[in-house]
Amino acid sequence: MRPELTYGLLAGAGVCVWMSVEFLLGFHTTRVAIGEYSGYFSTLIPLGMIFLLLKRKQAAAPGAPLGFGRGILAGLSASFMAALVVYTFLVAYSQFINPGWLDYTLDWKVAQWRAQAVSEVEIRQNITFYRQANSPAGLISTIVLGMTLMGGLFSLWLTLVVRRMHRGPAAS
């Protein structure tokens, strides 16, 4: 199996496990305020997997530094694969595992917006946006495109890191 596929599947599975643990801890139902922020830590999983992937790519060609194009393409490929896994999980999660999670989250968000004196018209627009963004069609752009783009950006930065590690600290 290609390393991009392996690390992409691992990253996707890791994010799905992270979300499942959040669900089991009530972060999507009774402790939504914590869940609002704990989800940001899930980005560490693809970041770590891309780093390991790029280190493996560098180790496969020890005589030359990892090329930017090669590093970015590897990260994009792995991120796209991870995004497909996460997309599939989120659609199933929203339909079968925890179909009420968005309502809990929106109840919490609406209370926050009202406390901040956001107008009711804007609140309704935000609710519509969140519902559309978390529909199966909306998740294509928010998860598949967003996670792939994020992986590309991670890959750019991590390719620099891996290249620097390959050179060693004495060469800098």
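The values are calculated or read from the model by the stated rules, or taken from the named source; none is laboratory data. The structure displayed is predicted, hence computed values, not measured ones. All Cβ positions, even for glycine, are placed from backbone atoms using ideal geometry, and neighbour counts span all protein chains on display. When the accessible area is computed, the model is the full protein with side chains, heavy atoms only, and any ligands, DNA or RNA have been set aside. Shrake-Rupley method; radii C 1.70, N 1.55, O 1.52, S 1.80 Å.
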Quick count over segment 103-132, residues being in a loop (DSSP other than H, G, I, E, B) and either closer than 17 Å to T29 by Cβ or open to solvent by 80 Å² or more (accessible area, probe 1.4 Å) (or both), is 2
Just checking, does segment 89-100 include any residue being in contact with a His (Cβ under 6 Å, 6 or more places away or on another chain) and outside any loop (DSSP other than H, G, I, E, B)?
no
M19: farther than 19 Å from W157 by Cβ, in a helix (DSSP H, G or I) and either touching a residue at least 12 places away in the same chain (Cβ under 8 Å) or basic (K, R) (or both), yes or no?
yes
Scanning segment 24-46 for residues that are touching a helix residue (DSSP H, G or I) at 6+ places or on another chain (Cβ under 6 Å), assigned to a helix (DSSP H, G or I) and of a type outside the set (A, V, I, L, M), the one surrounded by the fewest Cβ atoms within 10 Å (Cβ to Cβ) turns out to be S38
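Which one of F51, F68, F80 is open to solvent by 50 Å² or more (accessible area, probe 1.4 Å) and at pLDDT below 95?
Numbers: F51 fails: at pLDDT below 95; F80 fails: at pLDDT below 95.
Exactly one residue qualifies, and that residue is F68.
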I need the full set of residues from segment 86-102 which are in contact (Cβ under 8 Å) with a residue 60 or more places away in the chain and open to solvent by 80 Å² or more (accessible area, probe 1.4 Å), in order please.
I97
Please work out which one of (1) under 22 Å from the mean Cα position of the chain (by Cα); (2) more than 30 Å from P65 (Cβ to Cβ) is the condition T128 fails and give its number.
(1)
Restricting to segment 133-144, name every residue that is within 17 Å of S79 (Cβ to Cβ) and without any contact (Cβ under 8 Å) to a residue 60 or more places away in the chain.
L139, I140, S141, T142
For segment 54-65, how many residues meet the condition of being of a type in the set (A, V, I, L, M, F, W, C), in a helix (DSSP H, G or I) and open to solvent by 20 Å² or more (accessible area, probe 1.4 Å)?
2
Enumerate the pairs (first residue in segment 105-132 and in contact (Cβ under 8 Å) with a residue 60 or more places away in the chain; second residue anywhere and in a helix (DSSP H, G or I) and surrounded by 12 or more Cβ atoms within 10 Å (Cβ to Cβ)) with beta-carbon separation below 6 Å, excluding pairs fewer than 6 apart on the same chain, so at least 6 apart or on different chains.
T105/V32; W108/V32
